[in-house]
1. Take the conditions assigned to a loop (DSSP other than H, G, I, E, B), of a type outside the set (Phe, Trp, Tyr), surrounded by fewer than 24 Cβ atoms within 10 Å (Cβ to Cβ) and without any contact (Cβ under 8 Å) to a residue 60 or more places away in the chain and apply them to Ala173. Does it pass?
2. Which condition number in (1) in contact with a helix residue (DSSP H, G or I) (Cβ under 6 Å, 6 or more places away or on another chain); (2) over 26 Å from Gln141 (Cα atoms) is the one that Ile294 fails?
3. Give the residue, chosen from Leu112, Leu97, Leu144, that is within 15 Å of the ligand (Cβ to nearest atom) and surrounded by 16 or more Cβ atoms within 10 Å (Cβ to Cβ).
4. Can you tell me which residue is surrounded by the most Cβ atoms within 10 Å (Cβ to Cβ) among those in segment 115-130 that are assigned to a helix (DSSP H, G or I) and more than 8 Å from the ligand (Cβ to nearest atom)?
5. Filter segment 176-189 for residues that are assigned to a strand (DSSP E or B) and either without any contact (Cβ under 8 Å) to a residue 40 or more places away in the chain or of a type in the set (A, V, I, L, M) (or both); which is nearest to the ligand (Cβ to nearest atom)?
6. Look at Glu87 and say whether it is in contact (Cβ under 8 Å) with a residue 60 or more places away in the chain, among the acidic types (Asp, Glu), closer than 30 Å to Pro307 by Cα and in contact with a helix residue (DSSP H, G or I) (Cβ under 6 Å, 6 or more places away or on another chain).
7. May I ask you to verify whether Ala208 is within 28 Å of Phe161 (Cβ to Cβ), within 11 Å of the ligand (Cβ to nearest atom) and either among the hydrophobic types (A, V, I, L, M, F, W, C) or not in a loop (DSSP other than H, G, I, E, B) (or both)?
Amino acid sequence: MRLAVLKERRAGETRVAATPETAKKFIGLGIDVVVESGAGLASGLPDDAYREAGAEIAADAAAALAGARIVLKVRAPLAHGEGEVDELALIPRGALLIGTLEALSNPNRAKLYAEAGIEACSMELLPRITRAQSMDVLSSQANLAGYRAVIEGATAFDKGFPMLMTAAGTIPAANVFIMGAGVAGLQAIATARRLGGRVSATDVRPAAKEEIKSLGAAFVGVEDAEMAQAQTAGGYAKEMSDDYKRRQAEVIAAAVAKADVVVCTALVQGRKAPTLLTEAMVASMKPGSVVVDIAADAGGNCALTVPGELTVTDGGVKILGWQNWPGRIPAAASSLYARNLLTFLSTFWDKDAKAPKLDPADEIVRGVTLTRDGAVVHAQLATAA
Ligand code: NAD
């Protein structure tokens with residue numbers, strides 16, 4: 001059983017889907033691990049580290065994928081016309097492909113995988129259940145994104161987070177406002193508090209309010225009957241009504257006007273991120289304030305965010321719209337992502353057959369499987385079709 005780990009070729013991607021640590025564990029399961037040369041470099045993992053772990057290094061994607069039965073990726077493999085190498089065409093028929101394939105926002109991908117006879121698992125679709133926590137790539141990556149957002153926000157902010165009492169006078173603590181208190185937002189709250197900021201946060205889910213308070217931050221938001229119903233069965237936020245958004249905007253405008261740093265993390269699964277921070281709100285912020293929009297990959301929570309760019313408004317507010325925030329902390333992100341994939345594969349591993357055994361009746365398998373036996377099988381894609 002040959003397992004291939006490819007170099008990520010999509011723009012700005014710094015992570016890798018296996019580390020020497022996980023390669024060694026896969027080898028322990030009886031798997032031959034082949035890593036494309038340079039795959040780990042951007043995460044500080046040279047070829048030699050994989051060699052020492054027992055992996056084979058392949059010169060290019062074609063050599064890595066030849067005879068592969070399992071392919072590990074961070075992002076979807078490049079398809080025809082998407083880049084210098086048609087990675088998809090090189091994946092052998094019948095192989096199992098595991099990655100964050102972003103299939104719901106790119107439904108054509110699943111069709112391509114089905115046509116290519118690939119069994120594809122899109123890990124961002126993992127159900128958010130207790131049993132799946134250690135395989136949960138969204139959580140591991142969002143956690144790091146939330147941390148990194150605050151660190152970069154603090155660096156861009158030209159005053160400082162803690163109250164600094166010196167003989168020359170006192171610098172007040174920074175007011176930090178976090179929008180969205182899911183995994184990334186809660187880590188952002190904790191990080192901003194550790195740095196000494198005065199932290200408040202908003203969310204629409206009732207459970208999030210309690211979590212915000214338990215981390216020592218103040219809750220800002222609209223609590224009404226709609227908020228009580230704002231969480232889907234899967235734990236995600238629902239798209240809120242226009243009336244709710246209008247009332248929420250009034251409440252958060254006051255918090256934004258006081259904020260030195262705003263960290264935006266609010267997402268609604270499968271949709272464009274909600275616009276919570278309007279142009280007028282940004283105009284109310286003091287010069288030198290910072291907006292960090294880690295929702296930029298989904299369009300951003302701030303109306304002025306330019307995905308992938310740092311912008312400075314006429315009023316002197318910096319807006320950090322970088323994309324792929326986990327990729328801005330690549331060694332840690334790769335380490336956790338790789339462990340998530342290792343846990344997934346070893347959970348669904350048939351020791352006797354020394355092969356993956358993905359039971360379609362299993363809730364986790366059903367949640368992530370896009371294609372099987374040449375057909376698109378995922379419920380959400382079948383509905384969308
Ligand atoms: P997410 O990334 O989808 O969204 C981030 C946050 O934005 C969420 O808290 C959401 O409520 C909030 N949001 C959406 N619209 C908003 C708006 N208009 N205003 C303010 N905030 C808004 O969320 P996530 O971090 O992926 O977490 C989703 C859910 O999954 C949560 O309920 C979380 O507790 C749960 N979860 C469960 C597990 C598990 O049990 N295995 C693991 C991780 C997360």
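We did not get these values from a lab; they are worked out from the coordinates using the rules stated. Just so it is clear, the structure is predicted and the values come from calculations on it, not from any experiment. Note that we place each Cβ from the backbone using ideal geometry, even for glycine, and neighbour counts take in every protein chain shown.
1. Numbers: assigned to a loop (DSSP other than H, G, I, E, B): yes; of a type outside the set (Phe, Trp, Tyr): yes; surrounded by fewer than 24 Cβ atoms within 10 Å (Cβ to Cβ): yes; without any contact (Cβ under 8 Å) to a residue 60 or more places away in the chain: yes.
Judged against the criteria, Ala173 is a match.
2. Answer for Ile294: the failing condition is (2).
3. Numbers: Leu112 fails: within 15 Å of the ligand (Cβ to nearest atom); Leu97 fails: within 15 Å of the ligand (Cβ to nearest atom).
Among Leu112, Leu97, Leu144, only Leu144 is within 15 Å of the ligand (Cβ to nearest atom) and surrounded by 16 or more Cβ atoms within 10 Å (Cβ to Cβ).
4. Pass one, segment 115-130, residues assigned to a helix (DSSP H, G or I): 115, 123-125, 130.
Those still in the list that are more than 8 Å from the ligand (Cβ to nearest atom) too: 115, 123-125.
Numbers: Glu115: 13, Met123: 23, Glu124: 17, Leu125: 25.
Checked segment 115-130; the qualifying residue surrounded by the most Cβ atoms within 10 Å (Cβ to Cβ) is Leu125.
5. Taking segment 176-189 as the starting set, the residues that turn out to be assigned to a strand (DSSP E or B) are 176-179.
Next, only the ones that are either without any contact (Cβ under 8 Å) to a residue 40 or more places away in the chain or of a type in the set (A, V, I, L, M) (or both) stay: 176, 178-179.
On the way: Val176: 16, Ile178: 10, Met179: 6 Å.
It comes out as Met179.
6. Numbers: in contact (Cβ under 8 Å) with a residue 60 or more places away in the chain: yes; among the acidic types (Asp, Glu): yes; closer than 30 Å to Pro307 by Cα: yes; in contact with a helix residue (DSSP H, G or I) (Cβ under 6 Å, 6 or more places away or on another chain): yes.
In short, yes.
7. Numbers: within 28 Å of Phe161 (Cβ to Cβ): yes; within 11 Å of the ligand (Cβ to nearest atom): yes; either among the hydrophobic types (A, V, I, L, M, F, W, C) or not in a loop (DSSP other than H, G, I, E, B) (or both): yes.
Taking the combined requirement at face value, the residue satisfies it.
Here is a yes/no grid of residues against (1) closer than 30 Å to Gln323 by Cα; (2) buried (at least 24 other Cβ atoms within 10 Å of the Cβ); (3) free of Cβ contacts under 8 Å to residues at least 24 places away in the same chain; (4) in contact with a strand residue (DSSP E or B) (Cβ under 9 Å, 6 or more places away or on another chain):
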residue: Arg9; (1), (2), (3), (4): yes, no, no, yes
residue: Glu13; (1), (2), (3), (4): yes, no, no, yes
residue: Lys25; (1), (2), (3), (4): no, no, no, no
residue: Ile31; (1), (2), (3), (4): no, no, no, yes
residue: Val35; (1), (2), (3), (4): yes, yes, no, yes
residue: Gly40; (1), (2), (3), (4): yes, yes, no, yes
residue: Ala53; (1), (2), (3), (4): no, no, no, yes
residue: Glu56; (1), (2), (3), (4): no, no, no, yes
